[in-house]
1. Name the one entry in Asn447, Asn497 that is under 22 Å from the mean Cα position of the chain (by Cα), buried (at least 19 other Cβ atoms within 10 Å of the Cβ) and closer than 18 Å to Arg136 by Cα.
2. Please verify whether segment 438-457 includes one or more residues that are within 22 Å of Ile165 (Cα to Cα) and outside the structural domain of Leu338 (by TED's automatic domain parsing).
3. List every residue pair whose Cβ atoms lie under 9 Å apart, where the two residues are 6 or more positions apart in sequence or sit on different chains, the first residue falls within segment 142-165 and is at positive phi, and the second residue, located anywhere, is modelled with pLDDT of 95 or more and assigned to a loop (DSSP other than H, G, I, E, B).
4. Pairs only if they're at least six apart or on different chains, beta carbon under 9 angstrom, first in segment 476-493 and at positive phi, second assigned to a loop (DSSP other than H, G, I, E, B); list them, first residue then second.
5. Out of segment 181-195, which residues are surrounded by fewer than 18 Cβ atoms within 10 Å (Cβ to Cβ) and touching a residue at least 60 places away in the same chain (Cβ under 8 Å)?
6. Taking segment 385-415 on its own, how many of its residues are of a type in the set (Gly, Ala, Ser), within 27 Å of Leu445 (Cβ to Cβ) and modelled with pLDDT of 95 or more?
7. Would you mind telling me which numbered condition in (1) over 23 Å from Thr328 (Cβ atoms); (2) under 22 Å from the mean Cα position of the chain (by Cα); (3) in the same structural domain as Ala389 (by TED's automatic domain parsing) Arg296 fails?
8. Which members of segment 56-89 meet the condition of being β-branched (Val, Ile, Thr), within 19 Å of Val523 (Cβ to Cβ) and in a loop (DSSP other than H, G, I, E, B)?
Amino acid sequence: MSPLRMAMAVAAALCLTALPATAQKYGGTLQVLISGNPNSLNIHDEPPTNATVALAPVYNALAIFDPMIAKETLETIRPELAESWSWSADRTALTFKLRQGVKWHDGRPFIAQDVKRTFDVVRGAAAERMKLNPRRAWYANVAEIVTNGDRAVTFRLKRPQPSLIAMLATGLAPVMAAHFPVADWRTKTLGTGPFVLKEYQRDKAVVLVKNLDYWAPGRPYLDGIRVNVVQARATQLAAYLAKQVEVVTPSAALKPFMDSIKKATDQVQFQEVTGTTNLYIMFNANRPPFNNSRLRLAMSSALDRVAYRKVVLGGSVATAGTMLPPPTGAWGLTPEQLVALPGYGNHQQNREEARRIMRELGYSPDKPLQAEILTNNVTFYVDAGAWTAGSLKEVYVDAKVKSLEPAVFLGNLSRREFQIVAYSGTNGSDDPDITFYEHYGCGSLRNYNDYCNPELQKKYDEQSAMFDNAARLKLVQEIDTKLVTDVARAFMGFRINYFPTWPYVKGFVAHQSSYNFWRMQEVWLDR
């Protein structure tokens with residue numbers, strides 16, 4: 001048996017409910033902070049993290065990254081709605097044996113048809129359609145999903161794809177009830193998870209209560225969760241110090257937030273996590289003049305990654321290309337590989353080369369390129385936009401910054417109504433398939449600037465089918481290098497998050513991916 005198949009067999013043999021128990025206490029309501037409203041209640045339809053943070057406790061997935069392990073790999077995947085899984089001999093079929101005794105919150109039993117219908121909808125193979133469906137690209141390799149009675153379901157693939165199990169284990173892959181109309185997914189919930197939605201008050205809170213009929217014995221510990229919508233940075237800090245909130249979303253768990261808390265109290269501990277949120281400056285590849293790859297290269301080369309890291313988030317950025325860098329990540333380019341790429345070496349030389357290209361394209365101090373930088377109206381994005389505008393001015397670009405409220409901003413991205421964007425993309429896990437297909441795949445909704453390289457797309461498929469990790473790493477790094485030099489986006493680095501934890505909050509472990517640690521069934525309050 002190969003190491004990969006052995007790891008999967010071990011993972012499948014472990015049961016999530018067998019996690020060690022010590023002196024956990026029952027009761028209490030956990031106060032969570034998110035920095036903006038969920039755009040809808042449908043996790044499958046939402047690119048930002050707010051919906052996942054608020055609603056992951058309502059649902060389960062077929063598998064889950066172990067909630068007590070921060071670094072996510074294939075070896076840390078545990079069963080959830082599935083009891084176990086196995087690959088066919090040719091690695092083109094993944095079969096799940098499903099857990100018995102699981103009920104939806106309305107009392108109806110969980111069955112295999114629920115799984116089939118969920119992922120037929122998400123991959124666009126059902127008559128029902130979602131509004132956005134940003135992760136449809138994840139499942140392009142699925143040929144069909146078939147059930148075998150109520151307790152088994154098989155994903156049949158067009159070619160081998162070992163990372164499929166990692167996609168199905170993220171917080172972005174909840175199973176939905178087959179009797180729950182897709183038209184209701186954005187405004188209602190029906191899950192099998194440890195908590196039930198009680199109410200959603202826009203601009204105030206998402207209120208969850210304990211599922212008294214939850215399938216995992218002894219879980220959850222909490223009586224409920226209140227997910228508070230708090231947008232202003234000063235208000236977030238005051239609420240945390242007053243213990244009005246106890247867990248914060250990644251968009252708030254930044255170094256300035258940590259520094260302010262440390263000045264106010266020494267009672268708080270911090271979990272430092274280099275996450276899968278890649279900060280970038282993005283140019284609309286379908287809109288002249290940004291469809292010119294040489295122009296994009298000049299603007300990317302003008303951006304000093306070292307200065308960005310210091311100025312925008314106080315040093316809490318890990319410089320990288322498309323993939324999370326080592327040693328935190330398994331697939332990213334090394335510092336030695338990065339320094340040889342445009343924009344990553346000597347900034348003075350990069351800037352002079354950028355000016356040379358811009359002059360060849362007809363721009364100069366007397367004839368600058370007029371442009372607009374769009375940002376989400378969140379402090380560090382606005383800061384990133386302002387910094388970018390100042391940097392581009394050095395290479396004959398006169399850019400104005402425009403910030404929009406999150407829902408409006410996301411709409412502009414989806415419609416490709418922008419020239420330049422200062423934003424970020426968070427990967428469902430540290431896996432090349434998720435990164436390449438979702439963010440840089442031809443036709444993907446979340447490939448917001450419509451970068452498309454058909455030859456590179458073939459290499460996405462090639463690396464995706466590999467079970468030899470060493471060979472796959474070599475090809476992934478080749479792809480990563482090409483995405484950097486093509487300026488699919490100007491990659492500024494992965495955000496380092498600092499999650500504050502009051503001593504009485506137990507069982508909360510922040511993960512690499514912002515989407516994957518919000519089930520909350522292991523969290524308890526020691527008070």
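The values are calculated or read from the model by the stated rules, or taken from the named source; none is laboratory data. These numbers were taken from a predicted model, which means no experiment stands behind them. No Cβ is skipped: glycine too gets one built from the backbone with ideal geometry, and neighbour counts run over all protein chains shown.
1. Details: Asn497 fails: closer than 18 Å to Arg136 by Cα.
Asn447 is the lone residue from the list that is under 22 Å from the mean Cα position of the chain (by Cα), buried (at least 19 other Cβ atoms within 10 Å of the Cβ) and closer than 18 Å to Arg136 by Cα.
2. no
3. Sorted first by the residue in segment 142-165, then by its partner, the pairs are Gly149/Ile111.
4. That search, which allows pairs on different chains as well, returns Val487/Ala285; Val487/Pro342; Val487/Gly343; Val487/Tyr451; Gly493/Thr319; Gly493/Ala320; Gly493/Pro325.
5. To start, the set of residues in segment 181-195 that are surrounded by fewer than 18 Cβ atoms within 10 Å (Cβ to Cβ) comprises 181, 183-184, 187-188.
Thr187, Lys188, listed by residue number.
6. The initial filter retains those residues of segment 385-415 that are of a type in the set (Gly, Ala, Ser), namely 385-386, 389-391, 399, 403, 407, 411, 414.
In the following step, the residues that additionally are within 27 Å of Leu445 (Cβ to Cβ) were identified as 385, 399, 403, 407, 411, 414.
Then keep just the ones that are modelled with pLDDT of 95 or more; that gives 385, 399, 403.
Of the residues in segment 385-415, 3 are of a type in the set (Gly, Ala, Ser), within 27 Å of Leu445 (Cβ to Cβ) and modelled with pLDDT of 95 or more.
7. Unmet for Arg296, out of (1) over 23 Å from Thr328 (Cβ atoms); (2) under 22 Å from the mean Cα position of the chain (by Cα); (3) in the same structural domain as Ala389 (by TED's automatic domain parsing): (2).
8. Applying the first criterion (β-branched (Val, Ile, Thr)) to segment 56-89 yields 58, 64, 69, 73, 76-77.
So of that shortlist, the ones also within 19 Å of Val523 (Cβ to Cβ) come out as 58, 64, 69, 76.
Scanning segment 56-89 gives a single hit, Ile69.
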